[in-house]
Amino acid sequence: MTVKFSDGSSYKATVVGTDVSTDLAVVRVNAPASKLKPLALADSGAVAVGDGVVAIGNPFGLGGTVTSGIVSALNREISAPDETPIEGAIQTDAAINHGNSGGPLLNLRNQVIGVTSQIQSDSGGSDGVGFAIPSNLVRTIADQLIATGKAQHALLGVNVQTAANGVSIGDVQSGSAAADAGLRSGDVITAVDGKTVTSAQQLRAVIATHKPGDKLQITYHRSGESKTVTATLGSRA
């Protein structure tokens, strides 16, 4: 593998690790430190609909192309190459075409809020609906790939659906983090670590940005009462 820089220089690189379930990889490039100027990862949880964004990539082989737009929607669900759902995707109307995938989606403070991944299109070109993997998920996966060469994915162990007042729990897997924390079918989750959750997609996105073994404070309603428990996340891979 070779990485080419904007000044035309190229350096050999190796793949540290890949994760097909999030369509992400980490590459180590053997370049002088003077060539390496990393961008900061923003907190994608702080991104809001309407925020201005910039995408950088190589659409149709046109290197270093910059497009701009806004955040069109949050907490979208897209599919990884292995058909695993990728939760919490950021939707943007910035023009994204073939060759943009893997490039950064930045806020207007030059911070990465996501990695561009897919488009939705009838024509095969940019129709103004593109998706980026959120930076908080990127950070979680990249840290694991750097540390061990592989990624594990956190599991709460519930089937959920969006309800009028939160996220309703259907089945609870025996022996799961949810079961150990005392959550039951019919409970309605309203917050995680003190932050309100209003949809099943949002809850799954929050879980996805954590690692197995992480502890979460889960607030839920049962029989008209609000309770908070601690769940230690398990692993699904």
Requested in this report: Could you state the angle between the C-alpha long axis of helix 135-148 and the longest principal axis of the C-alpha atoms of the chain, as a value from 0 to 90 degrees rounded to the nearest 10?
Outcome: 80
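Of the listed pairs 150/215; 37/211; 150/195; 4/215; 35/150, which have alpha-carbon separations greater than 32 Å here?
Numbers: 150/215 21 Å; 37/211 27 Å; 150/195 29 Å; 4/215 41 Å; 35/150 27 Å.
Cα-Cα > 32 Å for 4/215; rest within.
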**Report entry** Rounded to the nearest 20 debye, dipole of the stretch 107-219 from Cβ charges on Lys, Arg, Asp, Glu
**Finding:** 300
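Can you give the Kirkwood hydrodynamic radius of the stretch 54-171 from its Cα pairs, in Å with one decimal?
Values: mean 1/r = 0.0642 Å⁻¹.
Computed over Cα pairs of the stretch 54-171, the Kirkwood hydrodynamic radius comes out at 15.6 Å.
Rounded to the nearest 0.05, what FRET efficiency do residue 223 and residue 127 have when you use their Cβ-Cβ distance and R0 = 45 Å?
Values: r = 47 Å, r/R0 = 1.05.
E between residue 223 and residue 127, to the nearest 0.05, is 0.45.
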Requested in this report: Return the ratio Rg/(2.2 N^0.38 Å) for the chain, where Rg is computed over Cα atoms only.
Outcome: 1.10
Report summary line: For residue 98 and residue 236, extending 7 Å from Cα along the Cα-Cβ vector and measuring point to point gives, in nm, a value of 3.1
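Using only Cα atoms, what Kirkwood radius does the stretch 1-74 have, in angstroms? The partial results should precede the final answer.
Numbers: mean 1/r = 0.0659 Å⁻¹.
After inverting the mean inverse Cα-Cα distance, the result is 15.2 Å.
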Query raised in the report: Amide H of residue 105: which non-local residues (sequence gap of 5 or more, or other chain) have their own amide H closer than 5 Å, using H built in the peptide plane?
Result: 113, 114, 115, 116
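In a shell of Cβ-Cβ distance under 11 Å around residue 29, excluding residue 29 itself, what net charge do Lys and Arg (+1) and Asp and Glu (-1) give? Let's see the in-between values first.
On the way: positive: 4, 12, 28, 35; negative: none.
Summing Lys/Arg as +1 and Asp/Glu as -1 gives +4.
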Requested in this report: Taking just the C-alpha trace of the stretch 157-237, give me its Rg and Dmax in Å.
Outcome: 11.3, 36
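Coordinate-derived values only; no laboratory data. Here the structure is a predicted model, which means the values were calculated and not measured. Virtual Cβ from ideal backbone geometry, glycine too; neighbours counted across all protein chains shown.
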